[in-house]
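Below is one structure; the comments refer to it alone.
The values are calculated or read from the model by the stated rules, or taken from the named source; none is laboratory data. In this text, all values refer to a predicted model and were calculated from it rather than measured experimentally. Note that we place each Cβ from the backbone using ideal geometry, even for glycine, and neighbour counts take in every protein chain shown.
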Amino acid sequence: MGSDNHPVREVLRDIIENSSISAEQVKTLEDFVRQDWVIDKDEAKLLLRVNHALKEEHDGCVEWTSFFVTSISRLVIFDMNSPGEIDTDEGDWLAAMLDEYSVGNNSEKQMLLELQKLSSSIKGKLGDRIQPAQ
């Protein structure tokens, strides 16, 4: 998400240090991501780290949950390599990220439900954990 002195870095540091997020901070993150409409694995990993730092405290910030779910889904489902499905590389990557950053909070649960709902198939290690909704 930009260089170390990019303004969004300050917002991210503040969120992680304080284990809290506001609708205004979510808007800053959304505005940054929407500059190129592309979320890459580094940005997604940062969002997973933010969610990990928030634990359960942010469950009242619906803006965060919506942004988090949409961003991760866009990366693994709505990509050009395997649109509509989570391929083996994506499934292995997301499973590894969840092994490292999972907290089981509402945002994470909603993300997993959305992935199940939107994916035609889920491969890799993530597929071993969850399957698309039938």
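Could you tell me which residue of segment 1-14 is surrounded by the fewest Cβ atoms within 10 Å (Cβ to Cβ), considering only residues that are aliphatic (A, V, I, L, M) and at pLDDT 85 or above?
Let us first name the residues in segment 1-14 that are aliphatic (A, V, I, L, M), namely 1, 8, 11-12.
Pick out the ones that are also at pLDDT 85 or above and you get 8, 11-12.
Numbers: Val8: 19, Val11: 21, Leu12: 21.
Ranking the qualifying residues of segment 1-14, first place goes to Val8.
Name, by its number, the condition in (1) part of a helix (DSSP H, G or I); (2) closer than 27 Å to Ser19 by Cβ; (3) not charged (D, E, K, R) that does not hold for Gly60.
(1)
Per-residue answers, yes or no, for (1) at pLDDT 95 or above; (2) of a type in the set (A, V, I, L, M, F, W, C); (3) over 20 Å from Gln110 (Cα atoms):
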{"position": "Phe32", "(1), (2), (3)": "no, yes, yes"}
{"position": "Lys41", "(1), (2), (3)": "no, no, no"}
{"position": "Lys55", "(1), (2), (3)": "no, no, no"}
{"position": "Thr88", "(1), (2), (3)": "yes, no, yes"}
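Of the residues that make up segment 29-38, is at least one surrounded by 14 or more Cβ atoms within 10 Å (Cβ to Cβ) and touching a residue at least 40 places away in the same chain (Cβ under 8 Å)? Lay out the reasoning, then the answer.
Taking segment 29-38 as the starting set, the residues that turn out to be surrounded by 14 or more Cβ atoms within 10 Å (Cβ to Cβ) are 29-30, 32-33.
From what's left, touching a residue at least 40 places away in the same chain (Cβ under 8 Å): none.
No, every residue in segment 29-38 fails to be surrounded by 14 or more Cβ atoms within 10 Å (Cβ to Cβ) and touching a residue at least 40 places away in the same chain (Cβ under 8 Å).
Can you name every residue in segment 15-27 that is assigned to a helix (DSSP H, G or I), touching a helix residue (DSSP H, G or I) at 6+ places or on another chain (Cβ under 7 Å) and surrounded by fewer than 16 Cβ atoms within 10 Å (Cβ to Cβ)? Even if it seems obvious, please write down each step before you answer.
At the first step, the residues of segment 15-27 found to be assigned to a helix (DSSP H, G or I) are 15-18, 23-27.
Pick out the ones that are also touching a helix residue (DSSP H, G or I) at 6+ places or on another chain (Cβ under 7 Å) and you get 15-16, 23, 25-26.
Ala23 - this is the single residue of segment 15-27 that is assigned to a helix (DSSP H, G or I), touching a helix residue (DSSP H, G or I) at 6+ places or on another chain (Cβ under 7 Å) and surrounded by fewer than 16 Cβ atoms within 10 Å (Cβ to Cβ).
Please find, among Ser119, Ser22, Ser71, the residue that is among the hydroxyl-bearing types (Ser, Thr, Tyr) and more than 20 Å from Pro7 (Cα to Cα).
Values: Ser22 fails: more than 20 Å from Pro7 (Cα to Cα); Ser71 fails: more than 20 Å from Pro7 (Cα to Cα).
Criteria check complete, one pass: Ser119.
Got at least one residue in segment 38-57 being hydrophobic (A, V, I, L, M, F, W, C), under 18 Å from Leu115 (Cβ atoms) and touching a strand residue (DSSP E or B) at 6+ places or on another chain (Cβ under 9 Å)?
No, segment 38-57 contains no residue that is hydrophobic (A, V, I, L, M, F, W, C), under 18 Å from Leu115 (Cβ atoms) and touching a strand residue (DSSP E or B) at 6+ places or on another chain (Cβ under 9 Å).
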